[in-house]
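Everything below concerns the one structure shown next.
The values are calculated or read from the model by the stated rules, or taken from the named source; none is laboratory data. Computed from a predicted model, the values in this text were never measured in an experiment. Here the Cβ positions follow ideal geometry from the backbone for every residue, glycine too, while neighbour counts run over all protein chains shown.
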Amino acid sequence: MKTAPMLSSAFLQPAGQALPTTLLALRFDRASSLADLLLPTRRTENWKYSAKHLKLTDEMASSLPSDASVEAADISGYTVVLVNGVVRPEVSNYPSIEGLSIQRFSELDVDDAALAADLIGKSISDQPAKSGSVNLSQLNGARFEDGLLIQLKPNTVLDQPLFVIHHTTASHSGSAYPRILVAVGRNSQLTVVEDYVSSGDCSVMVNTTTEFNLDDGANVTSIRLNTEGQAVQHMGTTGVRQQRSSRFESHSVGFGGTLRRHDLHVRLEGEGAECKLNGVVVTQGTQHYDNHTTIEHVAANCNSEETYRNIAADKSHAIFNGRIHIHQDAQKSNANMSNKNLLLTNGAEIDTKPELEIYADDVKCAHGATIGRLDDESIFYLVSRGLSRRDAKVLLTMAFINELVDQIPVEQVRESANIGLNQFFDQAFQEV
Amino acid sequence: MLSIKNLHACVEGKQILNGINLEIKAGEVHAIMGPNGSGKSTLSQVLAGNEAFDVTAGEVFLNGDNLLDLATEERAREGVFLAFQYPVEIPGVSNLQFLRTAVNAMRKHHSKEDMNAAEFMKLAKEVSKQVDLDPAFLKRGVNEGFSGGEKKRNEIMQALLLQPKLAILDETDSGLDIDALKVVSDGVNALRAPDRCIIMITHYQRLLDHIVPDYVHVLADGKIIKSGSAELALELEAKGYGWLGIKDEAVANQ
Ligand SMILES: Nc1ncnc2c1ncn2[C@@H]1O[C@H](COP(=O)(O)OP(=O)(O)OP(=O)(O)O)[C@@H](O)[C@H]1O
Ligand SMILES: [Mg+2]
């Protein structure tokens with residue numbers, strides 16, 4: 001048996017030294033502990049399907065320029081733009097609202113830097129993991145540059161969504177490491193839209209981590225749209241910690257690429273916390289998309305509701321791995337997980353794996369996964385009324401995800417999602 | 001207007017239509033009766049272009065166009081309409097969106113402009129009233145959770161909306177209560193037009209009390225074995241199919 005390859009030391013040299021010393025120290029620490037990280041292979045359970053697409057060559061290790069020029073985002077509301085993982089205030093439009101603070105890591109004072117250092121990695125395990133499961137968010141901990149700390153004081157409501165645009169652009173191969181920390185105070189409300197876009201066709205890697213910390217009664221909606229170019233290897237991690245009676249809602253819409261991976265880890269730590277996780281993934285050509293979610297019911301009386309839909313065309317591959325972990329003290333937990341999948345061709349592949357670990361005895365936990373195809377009878381019915389085959393298939397495919405797209409609470413995102421979906425349909429349902 | 005010549009078809013290797021010949025002139029209504037499993041629905045599916053069925057011989061012309069050369073959607077746009085014996089439930093696809101897409105596909109084919117949402121809504125409400133369906137049905141998924149009778153009325157509503165040249169009604173009368181039968185029959189009578197022909201597949205004379213056909217045909221074992229005037233249906237009602245020399249088992253299935 002071949003031994004797993006090690007992470008090249010080229011990856012352990014971060015750029016951007018203009019950070020508070022606490023964060024520099026933390027980053028250095030993480031880098032040292034990564035020195036003997038084994039890379040995932042197809043024998044690594046949680047990288048079974050995706051390891052073969054990982055390209056962690058020395059070329060990929062180099063940092064991408066943070067001063068690359070980008071077009072201003074076409075968004076009227078509050079925006080924070082990151083270029084290659086670094087916040088760019090001059091093309092951003094921060095809201096200035098009592099109780100809200102949006103700061104770059106580089107401008108944090110000693111206290112806030114300590115807070116940031118304390119939050120980093122809290123919601124997810126970014127410590128070297130036990131063998132068998134490799135978490136590439138660890139690498140983000142060793143490489144992040146000028147990230148973002150968003151704080152909302154108690155009882156503060158942000159009146160509009162905050163768009164965080166992650167722009168990756170490069171004229172050479174390399175990688176970017178956006179890091180976002182969000183701390184939402186008691187009973188405060190916030191909607192964050194993370195939009196991942198790219199330009200150029202260099203082979204690049206985006207290794208991004210966003211962490212949400214919700215105090216008692218906080219209400220956070222996180223929307224994630226991924227329309228990066230084909231050549232982008234995307235490794236995303238979202239970590240969420242929820243205190244008493246808080247509510248977290250996540251809507252993600254992802255279009256495939258060379259490698260798309262998103263790990264979403266929610267910890268329901270306070271009684272009465274609630275999360276709702278919706279996800280739509282579409283892949284075509286030879287694209288790949290791998291969603292791993294973990295919901296941990298740590299405290300009692302929490303609810304989780306998860307609905308993911310994958311649609312795979314051509315020779316593409318979509319993966320859903322949904323884990324629900326109900327801790328011993330999490331009595332009266334209520335967990336629902338549904339994953340439905342649609343294969344549009346024989347060559348496409350979808351893998352779905354629900355994993356339940358239940359250590360409490362008084363819980364309600366339901367899960368279901370299906371893989372299906374478009375129904376010929378239904379297509380015939382629609383086409384027999386004069387619809388083109390494309391329109392018939394679009395209606396049937398949209399019927400599969402409509403419910404999730406309609407629930408996205410920001411119209412601009414619904415529109416972008418629909419534009420992306422229409423491009424997908426044009427390719428997938430090309431009439432020959 | 002419609003001319004079917006020596007039509008043979010099979011499904012999954014099983015021969016079902018064994019040489020159908022049928023001529024229908026513009027403005028005529030033809031009823032097709034016959035035992036269960038004799039091939040009535042197969043004929044209607046083949047005419048509408050269901051690819052699950054293979055045509056092994058024969059020709060079908062509608063106004064001179066060879067239908068068998070056209071794809072399903074092209075046939076529909078040329079005016080073929082099938083009211084399904086078992087309309088498909090399509091949850092998640094709104095009836096309204098489906099119907100508007102269908103009407104606009106038709107209009108585009110005839111070089112007419114798209115109907116906007118408001119215009120379409122008005123038209124759809126009118127025709128839904130004509131078949132006594134609450135316009136609220138328009139907002140539901142296609143046939144989703146519709147009762148048997150509601151599905152049949154929805155089919156007739158679609159015919160009224162799409163104004164076909166050839167309407168094939170496959171047992172649109174079955175499963176209807178007495179009032180619904182009246183509503184559906186009125187709908188079909190409203191479809192009668194000098195430039196349209198209608199094929200009505202039914203098991204029951206009672207429909208033919210409301211819609212008097214010009215001809216009645218008996219289909220058995222994939223062939224038309226007898227044709228006659230409207231009186232033939234009365235005779236079948238009284239005597240069954242036995243006297244026509246159809247196998248006993250087929251009659252027993254009736
Ligand atoms: N998809 C199919 N696969 C196999 N056999 C089929 C299929 N469709 C129809 N058949 C068979 O073809 C024969 C004719 O069926 P068809 O539905 O045309 O009969 P019908 O005259 O409409 O009967 P009914 O009065 O019961 O509606 C039947 O024996 C039926 O089982
Ligand atoms: Mg039938």
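Here are the numbers for the structure shown:
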{"read-out": "Residues of the stretch B:109-119 that turn out to be assigned to a helix (DSSP H, G or I) and either surrounded by 20 or more Cβ atoms within 10 Å (Cβ to Cβ) or away from chain A (no Cβ under 14 Å) (or both), as a count", "value": "3"}
{"read-out": "Qualifying residue in the stretch B:20-37 (condition: of a type outside the set (Phe, Trp, Tyr), within 14 Å of chain A (Cβ to nearest Cβ) and outside any helix (DSSP H, G or I))", "value": "no"}
{"read-out": "Of the criteria (1) within 26 Å of A:SER62 (Cβ to Cβ); (2) modelled with pLDDT of 95 or more; (3) under 23 Å from the mean Cα position of the chain (by Cα), which one A:ILE102 fails", "value": "(1)"}
{"read-out": "Residue match in the stretch A:93-111 (condition: in contact with a strand residue (DSSP E or B) (Cβ under 9 Å, 6 or more places away or on another chain), more than 26 Å from A:ARG247 (Cβ to Cβ) and among the basic types (Lys, Arg))", "value": "yes"}
{"read-out": "Criterion (within 28 Å of A:VAL197 (Cβ to Cβ) and within 9 Å of another protein chain (Cβ to nearest Cβ)) met by exactly one of A:ASN418, A:ASN422, A:ASN402", "value": "A:ASN402"}
{"read-out": "Any pair with Cβ under 6 angstrom, 6 or more apart, that starts in the stretch B:78-89 at a residue that is over 17 Å from B:LEU43 (Cα atoms) and modelled with pLDDT of 95 or more and ends at one that is within 16 Å of ligand 2 (Cβ to nearest atom) and not aliphatic (A, V, I, L, M)", "value": "B:VAL88/A:GLU377; B:VAL88/A:TYR381"}
{"read-out": "Wholly within the stretch A:278-359, strands (runs of 3 or more DSSP E) carrying at least 1 residues that are of a type in the set (Gly, Ala, Ser)", "value": "A:303-312, A:317-326, A:333-343"}
{"read-out": "Residue match in the stretch B:35-58 (condition: in contact with a strand residue (DSSP E or B) (Cβ under 8 Å, 6 or more places away or on another chain), farther than 23 Å from A:GLU377 by Cα and within 13 Å of ligand 2 (Cβ to nearest atom))", "value": "yes"}
{"read-out": "Close pairs from the stretch B:197-210: first over 24 Å from B:LEU62 (Cβ atoms) and more than 16 Å from ligand 2 (Cβ to nearest atom), partner modelled with pLDDT of 85 or more and among the acidic types (Asp, Glu), Cβ under 9 Å, at least 6 apart", "value": "B:ARG206/B:ASP173; B:HIS210/B:ASP173; B:HIS210/B:ASP186"}
{"read-out": "Residues of the stretch A:173-193 satisfying the condition of being more than 15 Å from A:PHE212 (Cα to Cα) and touching an Asp or Glu at 6+ places or on another chain (Cβ under 8 Å)", "value": "A:SER173, A:GLY174, A:TYR177"}
{"read-out": "Residues satisfying the stated conditions in the stretch B:204-235, i.e. surrounded by fewer than 21 Cβ atoms within 10 Å (Cβ to Cβ) and assigned to a helix (DSSP H, G or I)", "value": "B:GLN205, B:ARG206, B:ASP209, B:HIS210, B:GLU231, B:LEU232, B:LEU234, B:GLU235"}
{"read-out": "Residue list for the stretch B:129-162, filter: more than 21 Å from B:ARG196 (Cα to Cα) and in a helix (DSSP H, G or I)", "value": "B:LYS129, B:PRO135, B:ALA136, B:PHE137, B:LEU138, B:LYS139, B:GLY148, B:GLY149, B:GLU150, B:LYS151"}
{"read-out": "A:ASP391, sole failed condition from (1) of a type in the set (D, E, K, R); (2) more than 7 Å from every other protein chain (Cβ to nearest Cβ); (3) farther than 30 Å from A:THR191 by Cβ", "value": "(2)"}
{"read-out": "Residue count, the stretch B:85-100 (criterion: more than 9 Å from chain A (Cβ to nearest Cβ), surrounded by fewer than 22 Cβ atoms within 10 Å (Cβ to Cβ) and part of a helix (DSSP H, G or I))", "value": "1"}
{"read-out": "Members of the stretch B:159-173 that are within 13 Å of ligand 2 (Cβ to nearest atom) and over 18 Å from A:TYR381 (Cβ atoms)", "value": "B:ASP173"}
{"read-out": "Residues of the stretch A:1-17 classified as over 19 Å from A:SER175 (Cα atoms) and of a type in the set (Gly, Ala, Ser), total", "value": "1"}
{"read-out": "Test set (1) assigned to a helix (DSSP H, G or I); (2) charged (D, E, K, R); (3) away from chain A (no Cβ under 14 Å) - B:ARG75 fails condition number", "value": "(3)"}
{"read-out": "In the stretch B:128-148, the residues that are more than 14 Å from chain A (Cβ to nearest Cβ) and crowded, with 19+ Cβ neighbours inside 10 Å", "value": "B:SER128, B:VAL131, B:LEU133, B:PHE137, B:LEU138"}
{"read-out": "In the stretch B:152-176, the residues that are touching a residue at least 40 places away in the same chain (Cβ under 8 Å), within 15 Å of ligand 1 (Cβ to nearest atom) and out of contact with any strand residue (DSSP E or B) (no Cβ under 7 Å at 6 or more places or on another chain)", "value": "B:LYS152, B:SER174"}
{"read-out": "B:LEU82 being outside any helix (DSSP H, G or I), within 16 Å of ligand 2 (Cβ to nearest atom) and crowded, with 17+ Cβ neighbours inside 10 Å", "value": "yes"}
{"read-out": "Number of the exception - A:ASP376 against (1) without any contact (Cβ under 8 Å) to a residue 12 or more places away in the chain; (2) surrounded by 18 or more Cβ atoms within 10 Å (Cβ to Cβ)", "value": "(2)"}
{"read-out": "For B:GLU73: the one exception among (1) away from ligand 2 (no atom under 16 Å from the Cβ); (2) modelled with pLDDT of 95 or more; (3) in contact with a strand residue (DSSP E or B) (Cβ under 6 Å, 6 or more places away or on another chain)", "value": "(3)"}
{"read-out": "So A:VAL410, is it more than 22 Å from A:ASN321 (Cα to Cα), among the β-branched types (Val, Ile, Thr), crowded, with 18+ Cβ neighbours inside 10 Å and more than 10 Å from chain B (Cβ to nearest Cβ)", "value": "yes"}
